[in-house]
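The values are calculated or read from the model by the stated rules, or taken from the named source; none is laboratory data. If you're wondering where the values come from, they're calculated on a predicted model, not measured in any experiment. Positions of Cβ are generated from backbone atoms using ideal geometry, with glycine treated the same way; all protein chains shown enter the neighbour counts. Side chains included, ligands, DNA and RNA excluded: accessible areas come from the protein's heavy atoms. Shrake-Rupley method; radii C 1.70, N 1.55, O 1.52, S 1.80 Å.
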Amino acid sequence: TLYGDAAHPTAETASIDRRDFEADPSAFARVDVTCLSLESLWRRHVSRWLPDRVDILQLDTEKLEHAIVLATNFSRLSPRPDHILYESVHLSDEEYLEVRDHLRRHGYSSFWKWPGCGEAEH
């Protein structure tokens with residue numbers, strides 16, 4: 001389930017956490033969405049259309065980046081993305097280190113704490 005801005009359904013305001021709309025519960029609309037793993041998405045869409053190379057995988061998934069990265073076996077992605085950008089502004093230091101260590105185990109070596117779309121650098 002995803003919760004979005006009821007008055008502006010095409011706005012980029014959404015969350016999996018209903019509490020993000022507690023200030024005005026009437027302001028959100030509940031949307032049921034089909035979910036699949038990054039590995040499944042990759043097999044269905046990326047491998048088929050981009051079989052040779054993927055330069056950048058960018059994740060901005062409304063506070064689910066941490067879970068998605070940790071659930072993904074990047075050695076199963078073909079082609080393996082050269083770089084991975086993910087929104088880290090919502091991650092605790094511990095979560096950031098978990099993600100970094102997971103990516104390091106999959107052969108990634110350069111890390112920068114990207115705050116995400118529209119956020120100030122930190």
Could you give the accessible area per residue of the chain, probe 1.4 Å, as a whole number in Å²?
68
Centroid-to-centroid separation of region 69-83 and region 7-55 [C-alpha atoms, Å]:
19
In what sequence, highest mean first, do 31-39, 78-86 appear when ranked by Cβ atoms within 10 angstrom?
78-86, 31-39
Can you pull the one-decimal nm distance between simple spin-label points at TRP49 and HIS106, each 7 Å off the Cα toward Cβ?
2.0
Work out from phi, with θ = phi - 60° and the Karplus expression 6.51 cos²θ - 1.76 cosθ + 1.60, the ³J(HN,Hα) of each residue of region 45-62, listed in order in whole Hz, and give x for Gly and Pro.
10, 6, 4, 5, 9, 10, x, 9, 7, 10, 6, 9, 9, 10, 10, 9, 10, 6
Options (1) 16.0; (2) 18.0; (3) 16.5 are given for Kirkwood radius over Cα pairs in Å, and the computed one is (1)
Going residue by residue through region 101-110, the Karplus relation 6.51 cos²θ - 1.76 cosθ + 1.60 with θ = phi - 60° gives ³J(HN,Hα) values, rounded to whole Hz and with x marking Gly or Pro, of 5, 4, 5, 4, 5, 9, x, 8, 10, 10
Residue by residue through region 68-81, which ³J(HN,Hα) values in whole Hz follow from phi under the Karplus form 6.51 cos²θ - 1.76 cosθ + 1.60 (θ = phi - 60°), with glycine and proline marked x?
5, 4, 5, 7, 9, 8, 5, 6, 8, 7, 10, x, 6, x
With n ≥ 4 as the cut-off for DSSP H runs, can you work out [θ] at 222 nm for the chain, using -39500 (n - 2.57) per run divided by the number of residues, rounded to the nearest 500?
-5500 deg cm²/dmol
Given H placed on each backbone N at 1.01 Å, which residues far from LEU57 in sequence or on other chains put an amide H within less than 5 Å of it?
HIS83, ILE84, LEU85
With the full set of protein chains in place, find how many percent of the accessible area of region 19-69 is carbon and sulfur; take the probe as 1.4 Å.
53
